[in-house]
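The values are calculated or read from the model by the stated rules, or taken from the named source; none is laboratory data. Since the structure is predicted, the reported quantities are computational estimates derived from the model, not experimental observations. Virtual Cβ from ideal backbone geometry, glycine too; neighbours counted across all protein chains shown.
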């Protein structure tokens with residue numbers, strides 16, 4: 001019998017785990033695992049629990065992408081190498097969608113129990129781990145200011161509605177971005193650093209454009225608009241994922257150095273991230289292995 005630690009966020013999404021926990025435990029037991037269940041009690045608790053999981057053969061987490069972020073942070077901090085299974089039960093589950101992990105609990109468990117380990121890149125933002133997306137500007141505050149009950153009720157639509165509402169109030173942010181041998185400098189409405197096929201929870205990109213294990217980030221920059229027509233062009237580009245509009249930059253890079261005189265906080269995987277005005281952002285290739293088909 002193999003041992004697995006199941007880290008569950010009881011408040012994530014529509015709190016489905018509270019009614020489905022026994023089903024998950026029963027399925028794990030039937031597959032030959034001895035499950036230990038640990039419920040998260042506060043922000044950061046999943047990181048603490050994962051860092052103490054050294055004696056387990058598999059680590060399983062349920063919740064949103066933020067819960068997975070905490071689990072991966074704990075595993076990496078402790079230097080653990082066991083595979084991780086993820087049952088996405090959050091409001092939007094962008095990272096799970098990027099990987100093709102189903103939100104149906106039975107289907108997700110099927111991939112975990114009978115799939116294979118897939119190496120996944122993660123990002124480091126001044127040493128802080130993120131695996132999905134870093135946002136500055138448009139849609140950034142939306143992630144951590146949208147009330148949880150609104151996220152639960154509207155899901156993805158909540159982010160879109162709040163993001164659109166935010167556009168007129170976002171002030172351009174002065175940035176200098178060093179990306180390899182290129183430097184971008186100016187005032188930007190948005191800066192997105194992503195290892196996901198959903199940029200900021202809004203723009204959907206295909207597998208032909210984004211890989212989650214190629215050692216590269218996707219960087220999207222949206223300059224301050226010069227005319228109302230240019231702003232309409234941005235909205236159209238975000239809707240169609242054609243990121244070639246005038247004033248937009250979309251490139252793949254392994255590392256970035258970003259500086260600013262503005263104190264606007266970032267959002268990393270949906271959580272607020274304050275910074276000192278300078279960020280060293282790097283890809284950590286094949287940092288963890290996720291179990292899936």
Checklist entry - Quick one: what pairs do we get from the stretch 61-84, first residue under 19 Å from residue 18 (Cα atoms), second assigned to a helix (DSSP H, G or I) and at pLDDT 95 or above, C-beta under 8 Å, 6+ apart or different chains? => result 61/46; 61/50; 61/71; 63/46; 67/46
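Residues checked against (1) under 23 Å from residue 184 (Cα atoms); (2) surrounded by 18 or more Cβ atoms within 10 Å (Cβ to Cβ):
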{"site": "196", "(1), (2)": "yes, yes"}
{"site": "206", "(1), (2)": "no, no"}
{"site": "215", "(1), (2)": "yes, no"}
{"site": "219", "(1), (2)": "yes, yes"}
{"site": "223", "(1), (2)": "yes, yes"}
{"site": "226", "(1), (2)": "yes, no"}
{"site": "234", "(1), (2)": "yes, yes"}
Item to check | Filtered residues of the stretch 54-63 (kept if surrounded by fewer than 24 Cβ atoms within 10 Å (Cβ to Cβ) and either out of contact with any helix residue (DSSP H, G or I) (no Cβ under 9 Å at 6 or more places or on another chain) or closer than 19 Å to residue 128 by Cβ (or both)) | outcome: 55, 56, 57
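Condition check ((1) part of a loop (DSSP other than H, G, I, E, B); (2) farther than 30 Å from residue 80 by Cβ; (3) not assigned by TED's automatic domain parsing to the domain that holds residue 77) across all residues:
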| position | (1), (2), (3) |
| --- | --- |
| 208 | yes, yes, yes |
| 236 | no, yes, yes |
| 246 | yes, yes, yes |
| 250 | no, yes, yes |
| 261 | yes, yes, yes |
| 267 | no, no, yes |
| 275 | yes, no, yes |
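Per-residue answers, yes or no, for (1) within 19 Å of residue 65 (Cβ to Cβ); (2) free of Cβ contacts under 8 Å to residues at least 12 places away in the same chain:
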{"residue": "203", "(1), (2)": "yes, no"}
{"residue": "221", "(1), (2)": "no, no"}
{"residue": "235", "(1), (2)": "no, yes"}
{"residue": "248", "(1), (2)": "no, no"}
{"residue": "269", "(1), (2)": "yes, no"}
{"residue": "272", "(1), (2)": "yes, no"}
{"residue": "275", "(1), (2)": "no, no"}
{"residue": "285", "(1), (2)": "no, no"}
Checklist entry - Could you say whether any residue in the stretch 54-64 is modelled with pLDDT under 95, touching a strand residue (DSSP E or B) at 6+ places or on another chain (Cβ under 7 Å), over 25 Å from residue 287 (Cβ atoms) and not in a helix (DSSP H, G or I)? => result no
Next on the checklist: If I filter the stretch 34-49 for residues that are under 18 Å from the mean Cα position of the chain (by Cα) and not in a helix (DSSP H, G or I), do I get at least one hit?
Outcome noted: yes
